[in-house]
Amino acid sequence: MLNKNKLEKNDIPVVKGNAGSESFLANLGILKSERGKSEKSLLKVASSNEKARLSILGLGYIGAVSAACFSSRGHRVICVDSDESKVAMVNQGSLSMREEGVTEILGDGCEKGILSAMCDVTKAVVDTDISVVSIEAPIGLDGVCDLSYLENVSHDMGNGLKEKDDYHLIVYRTMVPPKTVKGTMIPILEETSGKVCGKDFGVCFNPEFSHQGTAIKDFYLRPKIIIGAIDKRSADYATKLYEGIEGELVHTDIESAEFIKYVDNTWQALKAGFGHEVAELCKIAGIDYMDSVDFLPTDAKADLAFTSQKPFLPSGLLPNEEARVMALVQESTGNTPLIDSLIQRDPDKMDYALNMVKKMGAVKVGFIGLGGSDYSDKCVTNTLKMMMELENNDCAVSYFDQNINPQELVDMGASTVLSESFHKHYFQLVKHSDIIFVTEKNEWSKEIIKVAKLYCPVVDLVGAASEYEGAFNYYNIC
């Protein structure tokens, strides 16, 4: 049974970023009435030397946001990543992300001397009190996680633990199948370090529930904080990281915390699926979508509103991260028709798009964006399926994406030819394509569409530029 402990609603530290605004958090909608104290007194709290020193392992989307937010609370943070270029950018205070405020806060932390970056996991563990692991666990098209990256970093952390006499806490945040941390990661830590978990070091699983676009606000104003711990000491140590953060604190065991993340993502997908269908009904009825969902509870309304911006999901309503649930469902002998319906293939857009390729006699097919975001492979799997199917139908497929690493596509099952078929500039893609599909909704996609439709047909799968509806060479099937 879960032990739920409600945190008191205390202070939320204020970040004064390089943008020169009174308070970046206030600009995000976290009002002073919700913070409780003046900016001056909060800055004093944030500069306390009693804060634990943190090493954030992995500068992906969650890792970068975590580094920014924890440093804004006064923690000394060492970011760790194997990519030397990312490390250099962080140390220069110039890591670029589309998530609002992250770049400014990271830069502010570097300027104050409380945030730095390196490539050495072992040294980072030795030099800090808590290691927060945000390493990606890529998944294949079958939803099965590749744990090799986590295993490697756990081995490196074990070497760090071996060199330390002090107690150290390791907090895993990466979404993994239940029983992964206790069954795989802790044995690696113990074997490498020669120490005993629960005695010489602690381990927790602390899943993240932030959303792209509102990640910093979600960090400070969260509905729940889940801490699955190996023992009470680990739980108490991890809880201190969130003192003063609004949210319901839930203490549980590690396996339950791992599974809660799966359950939460499936619930979000269920609401998104319902919202998608409501939107379709509103379109048919010719009524305003937002007015029609006004009666719904606030949390449901927020998620339904988000569905108008959801990436194209040709394989179903579950994006990449949530698709991991599929592996659990397939292994189960239970009856889960509702969850099955979220995973089943959604043929309408997929078939429509493939038929357009055939109808137009297109051979060279280009993709603008892969449906992901900075340092994140969310929703890339679903677009990749479409690209692979086109490749199997003898199409020459290429893409332009500012964030994706070609190796990520290989890890997810793509051929080497497909993964390396990227263009460094979008205009190269335009010149080498008979038809272009847009799978990511943002401002730069809109600008590219404006140019691309002058040269070849553009199929907009996400409504990135719906204002061009009816224009020559523009097809909006969102």
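Overview of values
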| item | result |
| --- | --- |
| Pro207 in a loop (DSSP other than H, G, I, E, B) and in contact with a Phe, Trp or Tyr (Cβ under 7 Å, 6 or more places away or on another chain) | no |
| Residue in region 189-207 that is in contact with a helix residue (DSSP H, G or I) (Cβ under 6 Å, 6 or more places away or on another chain), of a type in the set (A, V, I, L, M) and modelled with pLDDT under 95 present | no |
| Yes/no for Ala238 being assigned to a helix (DSSP H, G or I), touching a Pro at 6+ places or on another chain (Cβ under 8 Å) and buried (at least 22 other Cβ atoms within 10 Å of the Cβ) | no |
| Thr128 of a type outside the set (A, V, I, L, M), crowded, with 17+ Cβ neighbours inside 10 Å, touching a Leu at 6+ places or on another chain (Cβ under 8 Å) and at pLDDT 90 or above | yes |
| Set Tyr167, Tyr220: member being touching a residue at least 12 places away in the same chain (Cβ under 8 Å) and touching a Leu at 6+ places or on another chain (Cβ under 7 Å) | Tyr220 |
| Residue match in region 387-400 (condition: touching a Pro at 6+ places or on another chain (Cβ under 6 Å) and not hydrophobic (A, V, I, L, M, F, W, C)) | no |
| Meets criteria (assigned to a strand (DSSP E or B) and among the basic types (Lys, Arg)) for Arg233 | no |
| Among residues of region 402-447, those that are among the aliphatic types (A, V, I, L, M) and modelled with pLDDT under 90, counted | 5 |
| Index of the failed condition, Pro187 passing every other in (1) within 24 Å of the chain's Cα centre (by Cα); (2) free of Cβ contacts under 8 Å to residues at least 24 places away in the same chain | (1) |
| Extreme residue, farthest from Phe367 (Cα to Cα), among residues of region 449-472 that are of a type in the set (A, V, I, L, M) and not in a loop (DSSP other than H, G, I, E, B) | Val451 |
| Matching residues in region 449-464 - criterion: being crowded, with 19+ Cβ neighbours inside 10 Å, under 27 Å from the mean Cα position of the chain (by Cα) and either touching a residue at least 24 places away in the same chain (Cβ under 8 Å) or outside the structural domain of Val365 (by TED's automatic domain parsing) (or both) | Ile449, Val459, Leu461, Val462, Ala464 |
| Residue match in region 169-177 (condition: surrounded by fewer than 17 Cβ atoms within 10 Å (Cβ to Cβ) and either in the same structural domain as Glu50 (by TED's automatic domain parsing) or within 20 Å of Asp81 (Cα to Cα) (or both)) | no |
| Answer from Asn91, Asn18 - the residue that is surrounded by fewer than 19 Cβ atoms within 10 Å (Cβ to Cβ), modelled with pLDDT of 50 or more and not acidic (Asp, Glu) | Asn91 |
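The values are calculated or read from the model by the stated rules, or taken from the named source; none is laboratory data. None of the values given here were measured: they were computed from a predicted structure. Methodologically, a virtual Cβ is constructed for each residue, glycine included, from the backbone with ideal geometry; neighbour enumeration extends over all protein chains shown.
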